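Since every read-out is calculated from the coordinates, none of them should be taken as a lab result. Remember, it's a predicted structure, so these values are computed and weren't measured experimentally. Cβ placement follows ideal geometry from the backbone for every residue including glycine, while neighbour counts extend to all protein chains displayed.
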Ligand code: BEZ
């Protein structure tokens with residue numbers, strides 16, 4: 001299965017900045033786990049508009065960002081990060097980086113083996129890979145609400161929940177198979193307050209609704225929002241996305 005271009009190329013930079021800032025704001029523990037050092041060369045996979053890449057630069061490393069979204073790469077460059085439009089499934093790098101870092105991107109990639117093979121090939125001997133992305137159980141209620149709405153509307157076709165949310169065990173197996181030694185891996189439930197699930201759905205589910213017309217898409221979002229009121233909304237806390245992060249650090253063997 002392929003990296004979902006329909007989804008990743010339709011990021012709307014302004015909406016993302018307004019309603020999904022938490023994606024990079026909550027990722028500092030992953031940057032801390034990376035522990036970038038002065039003079040290191042680091043590849044930031046799924047750099048978005050460059051927020052975390054620039055934080056890594058601030059900590060003394062040289063960063064090259066890649067992202068599938070042209071708009072995000074343009075924004076990253078405007079913000080001062082060196083970046084290119086590129087897919088992790090199609091990267092040319094050979095032994096160039098001291099570390100590969102990735103936040104909130106690898107759950108969009110349906111070919112985890114190919115992604116990891118390309119990551120390993122990009123690393124210098126002894127290099128490290130640090131990532132955080134959706135793990136097993138991530139956005140479970142949201143995905144189930146989407147499934148319910150698709151089942152209610154056979155005219156919507158088949159529900160394709162294309163995200164990759166592995167368990168620590170399954171991901172460790174893949175990494176170890178590709179000559180990476182896992183030094184840390186943890187599944188971290190991280191319920192995340194968001195402003196309104198309607199914005200979340202508009203930003204993140206274009207891949208699910210890409211074959212629906214405008215009216216169907218509006219109906220889909222409205223009904224999913226209704227479904228989620230019982231699981232992801234309270235008067236006191238407002239909307240909460242049921243995120244579960246998989247945080248991992250691995251080092252090249254040998
Ligand atoms: C995530 O960051 O976990 C995520 C975002 C959008 C859709 C699915 C998962």
Estimated FRET transfer efficiency (residue 167, residue 90; beta-carbon r; R0 25 Å; 0.05): 0.40
Point-to-point label distance, residue 141-residue 222, nm (Cα→Cβ direction, 7 Å offset): 2.3
Sorted by Cβ density within 10 Å, fewest first, the residues 105, 219: 219, 105
Using a 7 Å offset from the Cα along the Cα-to-Cβ direction at both residue 188 and residue 210, what is the distance between the two label points in nm, to one decimal? 3.1
Considering only DSSP beta bridges with both partners in the chain, what is the antiparallel share in %, to the nearest 5? 55
Spin-label point model (7 Å from Cα, Cβ direction): what's the residue 195 to residue 231 distance in nm? 2.5
What percent does the relative contact order of region 82-122 come to when contacts are Cα pairs within less than 8 Å and at least six residues apart? 60
Fewest to most Cβ atoms within 10 Å: 98, 196 sort as 196, 98
Mind sorting 49, 25 by how few other Cβ atoms lie within 10 Å of their own Cβ, fewest first? 25, 49
Compute the relative contact order of the chain as a whole-number percentage, counting only Cα pairs closer than 8 Å that sit 6 or more residues apart in sequence. 22
For residue 74 and residue 37, calculate 0.36 nm times their separation in residues minus their Cα-Cα distance, and state this gained length in nm to one decimal. 10.7 nm
